[in-house]
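Each remark here refers to the structure printed beneath this line.
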Amino acid sequence: MSKFWSICIFILVTELCERFAYYGLTGSLVIFLQRDLGFTNVLATELTGLFGAVVYVTPVLGAYLADAHWGRYSTILFFCVWYIVGLLMTTASAWPTVTSDPGAGGDLPTWVATALAMTGLFLGVGLGAGGIKSNVVVLGADQFELPREAAAQDSFFRYFYWSINIGATVAFTYLTNLAVNGQEPLVPKDYGFFASFALPTIAFILGITVFWCGRHRYTTKPPEGSVVSDFLRTVGAAAPPSGRGRALIGGVNLLLIAFCTIIASFFLSSGTHEAVAVAGMALIAIALLLLVAGGAKVGWLRDGTAAELAGAAAAEPPAGGAAAATAAAADVVRVLPIAATLVMFWCIYSQMSTNFVIQGCQMDLNVLGTTLSPATLNVFDSVVIMLLIPVVDGGVYPLLARLGMPMTMLGKIGVGFCFAAASMVAAGVVEIARIQAGPLPGNATSPCSEDGLPLPMSSL
């Protein structure tokens with residue numbers, strides 16, 4: 001039996017269930033925060049974006065714990081359980097008698113639901129998803145012996161990405177509509193969000209069970225020390241004498257300050273909130289420019305690190321010696337300018353789960369007599385990815401190479417930026433058309449509206 005069916009299938013099922021749970025939770029999150037917890041459009045968008053930032057920052061912690069202390073299998077299992085606790089808290093926050101007003105018959109006030117949801121999202125799911133994200137694909141890669149099984153490993157990576165998008169597609173197609181509309185008579189509309197959170201929670205519990213069942217089959221590697229620690233020591237030793245090094249450190253510090261500023265803005269009045277948010281955006285912009293300056297050339301790192309490291313870190317020398325640590329750190333620093341530009345891409349990408357959903361709340365989404373949830377439109381992202389990857393990799397890129405125009409990695413990223421920018425232009429044009437189209441006849445109310453509050457849908 002191949003390793004794919006005897007070992008990797010356990011990992012792929014776990015990843016599919018985790019992505020189903022993640023996108024089932026986040027697909028309609030901005031509507032839940034707005035409609036059921038009473039946040040404004042702006043605050044719901046900010047919280048959803050901040051949650052995404054936590055999910056993509058915490059993998060550093062997961063990677064460190066796996067590399068330095070627990071190993072990948074134990075780290076994944078721990079964060080899976082942590083993730084489940086967060087899902088359970090968020091699911092409990094969606095129970096209708098929790099999210100309703102006590103004066104209207106609810107058992108608990110809305111602030112209880114808000115506390116449950118925020119704790120479950122940020123401390124539970126945010127940390128859990130990060131700890132899993134940095135390790136699960138690497139655990140799969142560890143099952144293959146290179147270079148003899150390189151082709152089998154490539155196949156695993158393709159199926160791994162397909163597992164992600166299958167989970168996302170099912171979540172966006174079914175759970176987003178279940179959340180907003182319910183499924184009469186089985187799931188009343190008031191219980192839609194509870195059911196749409198509960199189903200992914202159950203699915204992920206099954207995924208963890210499958211992952212645990214494969215524990216005796218995995219090839220596991222013991223912790224060998226954290227490359228994060230080596231990187232920080234190396235850069236910290238080389239940066240002070242160099243202007244570029246100091247710029248790099250300054251950029252990292254400003255990013256941390258900006259992150260704290262953004263969090264603080266949620267606890268302020270509306271006017272102060274906006275001012276602090278703008279200040280945080282300015283700090284991020286300056287920090288990114290400093291990262292570009294620090295990473296544009298890495299001679300300062302290669303010139304100053306080895307000698308400093310020999311004395312400063314003798315008590316805990318990096319794996320492979322100072323020279324190897326310097327070369328590895330230089331490779332990371334060299335890509336920081338690219339990472340800085342990707343921030344804008346992720347600003348655009350996050351619109352799909354925030355402002356595009358809110359925009360869709362006031363558009364005509366009636367299809368065959370059913371009003372779809374605006375979050376359902378995100379399914380096109382997953383479907384197009386699954387359809388176009390084989391077309392582009394197997395057709396477009398080889399054709400360009402034969403025509404003497406091979407695509408480099410940076411070239412592909414640049415083309416992606418062009419499409420991302422075009423998507424924002426398209427969204428702006430659609431918004432102008434939506435405003436000008438006028439409301440649907442009969443003043444139909446959006447499925448995103450709170451009970452009793454009008455939210456007309458555009459006829460577009």
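The values are calculated or read from the model by the stated rules, or taken from the named source; none is laboratory data. Because the structure is a prediction, the values reported are computed rather than measured. For neighbour counting, all protein chains shown are included, and Cβ atoms are generated from backbone atoms with ideal geometry for every residue, glycine included. Accessible surface is based on the protein model in full, side chains and every heavy atom, while ligands, DNA and RNA are left aside. Shrake-Rupley method; radii C 1.70, N 1.55, O 1.52, S 1.80 Å.
If I measure Cβ to Cβ between cysteines in the chain, which ones have no partner under 4.7 Å?
Unpaired cysteines in the chain: C8, C17, C80, C213, C260, C347, C418.
Once label points are set 7 Å from the Cα along Cα→Cβ at both W5 and T408, what is their separation, rounded to one decimal in nm?
4.4 nm
Accessible area, 1.4 Å probe, largest first: how do Y83, Y397 sort? Write down the numbers at each step before the final one.
On the way: Y83 0, Y397 65 Å².
Largest to smallest exposure gives the sequence Y397, Y83.
Just from its helices, what would the mean residue ellipticity at 222 nm be for the chain, if runs of 4 or more DSSP H residues each count -39500 (n - 2.57) and the sum is divided by every residue, rounded to the nearest 500 deg cm²/dmol?
Value at 222 nm, helices only: -21000 deg cm²/dmol.
About the Cα centre, and with charges only on the beta carbon of Lys, Arg (+1) and Asp, Glu (-1), how big is the dipole of segment 1-74? Nearest 20 debye, please.
That gives a dipole near 180 debye.
Keeping all protein chains in position, work out how much accessible area Y73 exposes to a 1.4 Å probe, and write it in Å² to the nearest 10.
Counting only protein heavy atoms, the figure is 40 Å².
Express the accessible area of the chain per residue in Å², computed with a 1.4 Å probe while the remaining protein chains stay in the model.
49 Å²
Accessible area of the chain with a 1.4 Å probe: how many percent of it is carbon plus sulfur?
Values: 16070 of 22630 Å².
Carbon and sulfur: 71 percent of the exposed surface of the chain.
How far, in nm, would the chain grow between S269 and L146 when pulled straight, counting 0.36 nm per residue and subtracting the alpha carbon separation?
Length gained, S269 through L146: 38.6 nm.
Treating the angle as unsigned and between 0 and 90°, give the value, to the nearest 10°, between the Cα long axis of helix 41-57 and the longest Cα principal axis of the chain.
30 degrees
Could you work out how far helix 270-295 tilts from the main Cα principal axis of the chain, as a 0 to 90 degree angle to the nearest 10?
Taking the Cα atoms of the chain, the angle to 270-295 is about 30 degrees.
Figure the gain on full extension for M281 and V57 (residue separation times 0.36 nm, minus the Cα-Cα span) and round it to one decimal in nm.
Result for the pair: 78.9 nm of gain on full extension.
Residue farthest toward the positive end of the dipole of the chain, with Cβ of Lys/Arg at +1 and Asp/Glu at -1: which of G250, L365, T376?
Selected residue: G250.
Would you mind calculating the relative contact order of segment 328-440 from Cα pairs under 8 angstrom and at least 6 residues apart, reporting the percent as a whole number?
Computed over segment 328-440, the figure is 27 percent.
Suppose we flag GluC sites (Glu not before Pro) only when DSSP calls them loop and at most 15 other Cβ atoms lie within 10 Å. Which is the longest uninterrupted stretch of the chain?
Excluding the exposed sites themselves, the longest stretch runs over 225-449.
Among P96, P223, I76, which residue has its Cα furthest toward the positive end of the charge dipole of the chain, with +1 on Lys/Arg Cβ and -1 on Asp/Glu Cβ?
Checking the options against the dipole of the chain, the answer is P223.
Of (1) 3, 14, 19, 17, 12, 7, 4, 3, 4, 4, 4, 4, 3, 2, 0, 0; (2) 4, 19, 26, 23, 15, 8, 4, 1, 0, 0; (3) 4, 16, 26, 28, 17, 7, 2, 0, which is the value of P(r) over Cα pairs in 10 Å bins from 0, in percent derived from the coordinates here?
(3)
Remind me, relative contact order of the chain in percent, using alpha carbon pairs under 8 angstrom and six or more residues apart? Don't skip to the end; give the middle numbers.
Values: 623 pairs, mean separation 86.8, N = 460.
That works out to 19 percent.
What is the magnitude of the charge dipole of the chain about its Cα centre, with +1 placed on the Cβ of each Lys and Arg, -1 on the Cβ of each Asp and Glu, and no other charges, expressed in debye to the nearest 20?
In total the dipole reaches around 1040 debye.
Defining a contact as two alpha carbons under 8 Å apart and six or more residues distant in sequence, what relative contact order in percent does segment 49-194 show?
Value for segment 49-194: 28 percent.
Between I348 and A421, what is 0.36 nm times their sequence separation minus the Cα-Cα distance? Round to one decimal in nm.
Length gained between I348 and A421: 25.5 nm.
For a distance above 18 Å, tell me the whole-number percent of Cα pairs in segment 137-201 that qualify.
Working: 1115 of 2080 pairs.
The proportion of pairs with Cα distances above 18 Å equals 54 percent.
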